[in-house]
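The values are calculated or read from the model by the stated rules, or taken from the named source; none is laboratory data. Remember, it's a predicted structure, so these values are computed and weren't measured experimentally. With ideal geometry, Cβ positions are generated from the backbone for all residues, glycine too; neighbour counts draw on all protein chains shown. All accessible areas refer to the heavy atoms of the entire protein, side chains included, with ligands and DNA or RNA removed. Shrake-Rupley method; radii C 1.70, N 1.55, O 1.52, S 1.80 Å.
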Amino acid sequence: MTTDDSTDAFAGGVAVITGAGSGIGAGLVSYAARLGMRIALADVNADAVAERVEQLRADGVDAIWRRVDVRESSDLETLAADVYDTWGTTTVLVNNAGIELHGNTWELPVDHWHRVIDINLNGVFHGIHAFVPRMIAGGTRAHVVNVSSVAALRTNPGTSAYAATKHATLALTECLAKELEPVAPFIAVTAVLPGSVKSAIFESAYVNDVDGAGAESKRILATSMEQTGLEPIDAARIIFEGVARGDLRVHTNPEASRRFIAERAAALAF
Ligand SMILES: NC(=O)c1ccc[n+]([C@@H]2O[C@H](COP(=O)([O-])OP(=O)(O)OC[C@H]3O[C@@H](n4cnc5c(N)ncnc54)[C@H](O)[C@@H]3O)[C@@H](O)[C@H]2O)c1
């Protein structure tokens, strides 16, 4: 196990990123390339990752892409098998793919509720299930990175499905870290809690009402992204630096996170 906690240690390593075709995932791909990593790009949008891999290869980066729907555990199994066949290792797995859903809980269509849970929460589990046994068997320094959100720290009207998955992803990540510590201390685990980062997430977001809590929550979040959102490449730098340090939680917008944590702690206290 290396004790190097700078991102230099990632040079030559293998990064596997889900949701790699857009937004934060695309930023992570660019930053991994900058670090000299080999990269597997996974996304349900095959065109986006296929095109990006062509550009990366033209720049001399060793990269592969796979069409992966993170709702399907078999897609993640195939991805892991392909990555290990190709490179024999995984240095950093980022379970990043995610979607938004807005609306009053009792009005959300059942299939949309299931879709957001399947992608944002089950997708993270599927990545862990496919890769962590191989990481344990590999016995070398590795990182599991699960993208949660500041939505893990707050509860707002119109956001129950998304917030539930992000609270759950944070809890899942913390449990995983405690499980791996005694059996595979060479595997570090990180939950990423991004604040606002410029991406396409609100373009694909399903909003269940035109003038209710869902539309309002999407409007507030989309405006904040437009006005103060970080560039994905800047978020990616913060994420890779935190991951390299082995931080259990990485906050891309620490001031916002601190405020939400203080508000939540006060709300929970009795
Ligand atoms: N952008 C933000 O401000 C912000 C803040 C907090 C958390 N997040 C989280 O960051 C992650 C990335 O989101 P983003 O903002 O970059 O959004 P984005 O929409 O720009 O990118 C998400 C990517 O995931 C892919 N994807 C969607 N469903 C998939 C599936 N079933 N299987 C595989 N890939 C799938 C999409 O095709 C897309 O390329 C998400 O988990 C999101 O919840 C984003």
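At a glance:
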| item | result |
| --- | --- |
| Given (1) under 16 Å from Asn96 (Cβ atoms); (2) charged (D, E, K, R); (3) open to solvent by less than 50 Å² (accessible area, probe 1.4 Å), index of the condition Asp247 fails | (1) |
| Matching entry among Ala266, Ala235, Ala244 (being in contact with a helix residue (DSSP H, G or I) (Cβ under 9 Å, 6 or more places away or on another chain), more than 10 Å from the ligand (Cβ to nearest atom) and among the small types (Gly, Ala, Ser)) | Ala244 |
| Options Val70, Val83: the member that is crowded, with 23+ Cβ neighbours inside 10 Å, at pLDDT 95 or above and more than 10 Å from the ligand (Cβ to nearest atom) | Val83 |
| Among the candidates Ile128, Ile117, Ile136, Ile99, residue that is under 28 Å from Ala184 (Cα atoms) and crowded, with 16+ Cβ neighbours inside 10 Å | Ile128 |
| Test: residue in segment 49-62 that is open to solvent by less than 20 Å² (accessible area, probe 1.4 Å), within 21 Å of Asn146 (Cβ to Cβ) and within 16 Å of the ligand (Cβ to nearest atom) | yes |
| Tabulated pairs, segment 203-228, first without any contact (Cβ under 8 Å) to a residue 60 or more places away in the chain, second of a type in the set (Gly, Ala, Ser) and open to solvent by less than 30 Å² (accessible area, probe 1.4 Å), C-beta under 6 angstrom, 6+ apart or interchain | Ser224/Ser196; Met225/Ser196; Thr228/Ser196 |
| Residue in segment 169-178 that is within 15 Å of the ligand (Cβ to nearest atom), over 18 Å from Ala235 (Cα atoms) and either of a type in the set (Gly, Ala, Ser) or assigned to a loop (DSSP other than H, G, I, E, B) (or both) present | no |
| Subset of segment 137-152 [hydrophobic (A, V, I, L, M, F, W, C) and either in contact with an Asp or Glu (Cβ under 8 Å, 6 or more places away or on another chain) or assigned to a helix (DSSP H, G or I) (or both)] | Ala137, Val150, Ala151, Ala152 |
| Checking Ala164 against (1) within 11 Å of the ligand (Cβ to nearest atom); (2) assigned to a helix (DSSP H, G or I); (3) small (Gly, Ala, Ser), the condition it does not meet | (1) |
| Test set (1) of a type in the set (Lys, Arg); (2) over 28 Å from Ala213 (Cβ atoms); (3) within 13 Å of the ligand (Cβ to nearest atom) - Arg115 fails condition number | (2) |
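For every residue, the table says whether it meets (1) modelled with pLDDT of 95 or more; (2) of a type outside the set (Val, Ile, Thr); (3) over 30 Å from Asp209 (Cα atoms).
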residue: Ile128; (1), (2), (3): yes, no, yes
residue: Phe131; (1), (2), (3): yes, yes, yes
residue: Ala137; (1), (2), (3): yes, yes, yes
residue: Ala142; (1), (2), (3): yes, yes, yes
residue: Val145; (1), (2), (3): yes, no, yes
residue: Ser148; (1), (2), (3): yes, yes, no
residue: Ala152; (1), (2), (3): yes, yes, no
residue: Ala163; (1), (2), (3): yes, yes, no
residue: Lys166; (1), (2), (3): yes, yes, no
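One line per residue, one yes/no per condition, for (1) out of contact with any Phe, Trp or Tyr (no Cβ under 9 Å at 6 or more places or on another chain); (2) closer than 30 Å to Asp5 by Cα; (3) buried (at least 20 other Cβ atoms within 10 Å of the Cβ):
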site: Lys166; (1), (2), (3): yes, yes, yes
site: Ala184; (1), (2), (3): yes, yes, no
site: Tyr206; (1), (2), (3): yes, no, no
site: Glu216; (1), (2), (3): yes, no, no
site: Ala222; (1), (2), (3): no, no, no
site: Glu231; (1), (2), (3): yes, yes, no
site: Asn253; (1), (2), (3): yes, yes, yes
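Let's see how each residue does on (1) hydroxyl-bearing (Ser, Thr, Tyr); (2) farther than 26 Å from Gly27 by Cα:
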| residue | (1), (2) |
| --- | --- |
| Leu93 | no, no |
| Gly98 | no, no |
| His129 | no, no |
| Pro133 | no, yes |
| Thr140 | yes, no |
| Ser160 | yes, yes |
| Thr165 | yes, no |
| Lys178 | no, yes |
